[in-house]
Amino acid sequence: MKQNLQQGKKFYNTGLFLLMLFLGVTVLAACSESQKAPVQPSAVSKSLSLPITQGTPTVAGQKATAEFSYNPAGRRDPFSPLITKEENRARESSRPPLERYNISEFKLTGIIWGGYGYNAMVEGPDGKGYFVREGTTIGPNKGVVKSITKDAMIIEEKFKNMMGATERKQIVIQLRAKQEGMQ
């Protein structure tokens, strides 16, 4: 039992010695690296080139000013909002299909006359057909179908000009003429 206790103390002392040796070597290495660091000659040369007078600060009295520059390349803007971009995408996808595309992208494919008046069928850029009647909102600028005749559809859009006054613009989409050879 005594022998095991003596071996344990010997092991403990050896481990403690190795730990102290490792820490000593680490501290010496750190100290030798800090001594190798170059001294900034700009502060020393400035003070040596100036004549020492009563108002001139000496090297010991000067405060070291570190110059710092920030390069924002490859980093996001810290002042740009994180949430609004996602909200805009959600709003755009929640719009009805007739309001997602510009009016110029629609083709007037047919006009139907019935008991409720004229209805128009337009084809969107996605290849789908949509039925439209007077008062239907169409286009991203909230254009309203004002009238449908037997060969055209008239859409009215409101917009603000450079002066801030609200103006109205009428867009006429004509029904395509009959193709040659077909009757």
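The values are calculated or read from the model by the stated rules, or taken from the named source; none is laboratory data. Note that the structure is a prediction, hence the values are computed from the model and not measured. Counting neighbours? That spans all protein chains shown, and the Cβs are built from the backbone with ideal geometry, glycine included.
Here are the numbers for the structure shown:
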{"quantity": "Check on Glu67, acidic (Asp, Glu) and at pLDDT below 90", "calculated": "yes"}
{"quantity": "Residue count for the stretch 110-126, restricted to those that are part of a strand (DSSP E or B) and either surrounded by 14 or more Cβ atoms within 10 Å (Cβ to Cβ) or touching a residue at least 24 places away in the same chain (Cβ under 8 Å) (or both)", "calculated": "10"}
{"quantity": "Test: residue in the stretch 146-160 that is in contact with a Pro (Cβ under 9 Å, 6 or more places away or on another chain) and either in contact (Cβ under 8 Å) with a residue 12 or more places away in the chain or small (Gly, Ala, Ser) (or both)", "calculated": "no"}
{"quantity": "Phe11 modelled with pLDDT of 80 or more, surrounded by 10 or more Cβ atoms within 10 Å (Cβ to Cβ) and either among the β-branched types (Val, Ile, Thr) or part of a helix (DSSP H, G or I) (or both)", "calculated": "no"}
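Yes or no, residue by residue, for (1) surrounded by 10 or more Cβ atoms within 10 Å (Cβ to Cβ); (2) at pLDDT below 75:
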site: Leu19; (1), (2): yes, no
site: Ser34; (1), (2): no, yes
site: Pro38; (1), (2): no, yes
site: Ser94; (1), (2): no, no
site: Glu99; (1), (2): yes, no
site: Asn102; (1), (2): yes, no
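Every residue, every condition in (1) of a type in the set (Val, Ile, Thr); (2) surrounded by fewer than 10 Cβ atoms within 10 Å (Cβ to Cβ), yes or no:
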| site | (1), (2) |
| --- | --- |
| Lys128 | no, yes |
| Glu134 | no, no |
| Gly143 | no, no |
| Lys146 | no, no |
| Thr149 | yes, no |
| Glu156 | no, no |
| Phe159 | no, no |
| Ala165 | no, yes |
